[in-house]
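Please read the structure below before turning to the comments.
The values are calculated or read from the model by the stated rules, or taken from the named source; none is laboratory data. Note that the structure is predicted; figures quoted are calculated from it, not measured. Neighbour counts are summed over all protein chains in view; Cβ atoms, including those assigned to glycine, are modelled from backbone coordinates with ideal geometry. Just so you know, the surface numbers come from the protein's heavy atoms only, side chains and all, with ligands and any DNA or RNA stripped out. Shrake-Rupley method; radii C 1.70, N 1.55, O 1.52, S 1.80 Å.
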Amino acid sequence: MKTPFLKELPLLLIIAVPFVYLALIWNSLPEVVPIHWDLYGRPNGWGSKAELILIPVLLPLLIYVIMTFVPKFDPKKKIETMGSKFQDLRLILTIFMSALATFIIYTATGTSAPSFNYIAIFLGLLFAVLGNYFQTIKPNYFIGIRTPWALENEEVWRKTHQLGGKLWFAGGLVIILAGLFLKEEIYIVVFIGITILLVVVPFVYSYREFKKMSKPV
């Protein structure tokens, strides 16, 4: 899959946002900054401000590199058949990771503590967007709900991603709404519960569909 520079420029500019933000606030940062927080936004890990450089490297830059080279290692070349949908997915994930990196760097300034609700709402939005794209993902070893049974049977893959797409979209919306109204202590439990359902239900459904199709007629 060719990636001309002009085509990649918007993604590269998005990746640059947290790097530029960190450069702008660098001189105002103390030498020791919070780099890890508990679920309630209280810092429980500290480090040199130089470690903050790893955040945009490990989030938007790394996801960009992975999403750029994944199609080259897809043995069935199914990802390439997604066309513009795959490019849209690359854009969405890069924006998400860049925004998350910028937010984490911002919290390191000590201006405000990171709220679990804010981060989880952001994740809920990502779940909903990814769910909307699930039905366009072709069978592959890198992207999607890659259960052994879905990879074995294209019809199982299709059905798994149909259900998973609807479930992730609905689950993402519930996470967003719950984060706006529930207290943090309750919301943590709700978020974890919904996330477990988003993983377990498609997994079990995929297995059941495969077994159903494997039965002799």
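Please work out whether the chain counts as rounded, prolate or oblate from its C-alpha gyration tensor, where a ≥ b ≥ c are the square roots of the eigenvalues and a/c under 1.5 means rounded, while otherwise a/b larger than b/c means prolate and anything else oblate?
Here the chain falls in the oblate category.
With only Lys, Arg, Asp and Glu charged, each at its Cβ (+1 for the first two, -1 for the last two), find how big the charge dipole of region 1-89 is about the Cα centre; round to the nearest 20 debye.
The dipole magnitude comes to about 440 debye.
Quick one: what are the phi-derived ³J(HN,Hα) couplings along region 52-69, Karplus 6.51/-1.76/1.60 with θ = phi - 60°, whole Hz, x for glycine and proline?
Once rounded to whole Hz, the list reads 5, 4, 5, 5, x, 5, 7, 9, x, 5, 5, 5, 5, 5, 4, 5, 6, 9.
Which residue, Lys138, Lys183, Lys166, has the most motion in a Gaussian network model of the chain that connects Cα atoms within less than 10 Å?
Lys183
Between region 136-166 and region 10-52, how many Å separate their Cα centres?
36
How much net charge surrounds His36 when only the other residues with a Cβ under 12 Å from the Cβ of His36 are counted, with Lys and Arg +1 and Asp and Glu -1?
Residues close to His36 contribute a combined charge of -1.
Which lysines have a Cα lying under 21 Å from the Cα of Lys76, excluding residues fewer than 8 positions away in the same chain?
Straight-distance partners of Lys76: Lys2, Lys85, Lys138, Lys159.
For Glu152, Glu51, give me the order by solvent-accessible area with a 1.4 Å probe, most accessible first, ignoring ligands, DNA and RNA.
Final ranking, largest accessible area leading: Glu152, Glu51.
State whether region 97-217 is rounded, prolate or oblate according to the following rule on the C-alpha gyration tensor (a ≥ b ≥ c being the square roots of its eigenvalues): a/c under 1.5 gives rounded; otherwise a/b larger than b/c gives prolate, and the remaining case gives oblate.
Verdict is prolate for region 97-217.
What figure in square angstrom, to the nearest 10, would you give for the accessible area of Glu155 with a 1.4 Å probe?
Looks like 70 Å² after rounding.
Suppose every Lys and Arg Cβ carries +1 and every Asp and Glu Cβ carries -1, with no other charges. What dipole size does the chain come out with about its Cα centre, to the nearest 20 debye?
Here the size comes out at about 920 debye.
Leaving ligands, DNA and RNA out of it, rank Met67, Met213 by accessible area with a 1.4 Å probe, largest first.
Met213, Met67
If each DSSP helix of 4+ residues adds -39,500 (n - 2.57) and the sum is divided by the residues in the chain, what number results at 222 nm, nearest 500 deg cm²/dmol?
Only helices count here, giving -21500 deg cm²/dmol.
Once you have a ≥ b ≥ c as the square roots of the Cα gyration tensor eigenvalues for region 48-108, tell me rounded if a/c is under 1.5, and otherwise prolate or oblate according to whether a/b is larger than b/c.
oblate
FRET efficiency for Gln162 and Leu91, Cβ-Cβ distance as r, R0 = 30 Å, nearest 0.05?
FRET efficiency, Gln162 to Leu91: 0.80.
Percent of accessible area on the chain owned by carbon and sulfur, 1.4 Å probe?
70
Per residue of region 171-181, what does 6.51 cos²θ - 1.76 cosθ + 1.60 with θ = phi - 60° give for ³J(HN,Hα)? Whole Hz please, x for Gly and Pro, Karplus curve as stated.
Along region 171-181, the couplings run x, x, 5, 5, 4, 4, 5, 4, x, 7, 10 Hz.
Need one value: the accessible area of Leu123 in square angstrom, 1.4 angstrom probe, rounded to the nearest 10.
Surface open to solvent at Leu123 totals about 50 Å².
Which is farthest toward the positive dipole end of the chain among Pro71, Ser28, Ala170, measuring Cα position about the Cα centre, with Cβ charges +1 (Lys, Arg) and -1 (Asp, Glu)?
So the residue we want is Pro71.
Looking at region 1-84, which trypsin sites (Lys or Arg not before Pro) are in a loop (DSSP not H, G, I, E or B) and have at most 16 other Cβ atoms within 10 Å?
Lys2, Lys76, Lys77
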